[in-house]
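J.: Below you'll find the structure I mean.
Any read-out appearing in this document is the output of simple, stated calculations on the displayed coordinates, not a laboratory observation. Please read these numbers as outputs of a predicted model, since none were measured by experiment. Quick reminder, even Gly has a Cβ in these numbers, built from the backbone with ideal geometry, and neighbours come from all protein chains shown.
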């Protein structure tokens, strides 16, 4: 389930990833962790040269670590949502929008809509291996070499397997955006069957 690439009934969720299959962690005040800027003021008793105004203050190591942790938590939550919704293939579930937005949300809904129409659901687990590449202001990018080989389509009534495991991993470059205090998966670019980054 990659970005929630469209998943046909007899097709593996391998392509569903950021965008689909979707999923985030709420990060209260996480925006202060990336690209924080501070303005120092000068006082009449201190030479102007000693305290330059509008000095750019780089984020501290702790702030960066907190922001990256929030991004990873949001991404994992996105997949938790995808797996949970897959059990019923309820493409209108409000849970999908909790940690996904834009293209990722649209693809997740489209994938589940197709499954629902074909009388199928998605069950199983997804193996994630995400690494944060960058956090800049209200945008973050991560890379995940994940596997949805055990997240497959079943017949909703009989439980019979209607999918086939690909047994492979797919590389996904995922973009997340900060909406309010919550990071959400917005876009996913998938490398089917390979991971350029490890």
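J.: Determine the relative contact order of the stretch 120-198: mean sequence separation of Cα pairs under 8 Å and six or more apart, normalised by residue count, in whole percent.
T.: 27
J.: Here is a follow-up. How far, in nm, would the chain grow between residue 194 and residue 116 when pulled straight, counting 0.36 nm per residue and subtracting the alpha carbon separation?
T.: Difference between extended and current length: 25.2 nm.
J.: Same structure, new question: Ranked by Cβ crowding within 10 angstrom, fewest neighbours first, how are 172, 164, 116, 157 ordered?
T.: In increasing order of surrounding Cβ atoms, one gets 157, 164, 116, 172.
J.: Can you sort 151, 112 so the residue with the fewest Cβ neighbours within 10 Å comes first?
T.: 151, 112
J.: Can you tell me the relative contact order of the stretch 49-198? Whole percent, Cα pairs under 8 Å, sequence separation 6 or more.
T.: Relative CO of the stretch 49-198 lands at 22 percent.
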